[in-house]
Amino acid sequence: MGGIVYRKSEGDTEHLIIVSKGITRHRVEGGELVDVEHDLCPIATAELLQREQDDWTLDGETFRTVVTRWREQNAARSPVMRKS
């Protein structure tokens, strides 16, 4: 399938946002899939991840850590960003 998977755990409940050809959100409780939301809005999903960036993980790191690293890497590569 491929794509990017964001994870958030709350006790026995795990939330997954999968970004591939579309955006879906899965809720798993006690190891059992209980809900799937399809065709989520990209902007609303980005706002959710931004607002809760310490709660969501990507490849085992908090979303905040990943975003900070992306920004630092892009700033190091971009001559425009280095001048400011």
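Data for the structure
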read-out	value
Residue that is under 13 Å from the mean Cα position of the chain (by Cα) and not polar (S, T, N, Q), where the choices are LEU58, LEU33	LEU58
Number of positions in the stretch 1-60 that are aliphatic (A, V, I, L, M) and open to solvent by 70 Å² or more (accessible area, probe 1.4 Å)	4
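Each row is one residue, and each column tells you yes or no for (1) of a type outside the set (Val, Ile, Thr); (2) in contact (Cβ under 8 Å) with a residue 24 or more places away in the chain.
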position	(1), (2)
VAL5	no, yes
LEU16	yes, no
GLY22	yes, no
ARG27	yes, no
GLY30	yes, no
ASP39	yes, no
GLN53	yes, no
LEU58	yes, yes
GLU61	yes, no
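The values are calculated or read from the model by the stated rules, or taken from the named source; none is laboratory data. These figures come from a predicted structure and were not determined experimentally. No Cβ is skipped: glycine too gets one built from the backbone with ideal geometry, and neighbour counts run over all protein chains shown. Surface areas here come from the heavy atoms of the whole protein model, side chains and all, with no ligands, DNA or RNA. Shrake-Rupley method; radii C 1.70, N 1.55, O 1.52, S 1.80 Å.
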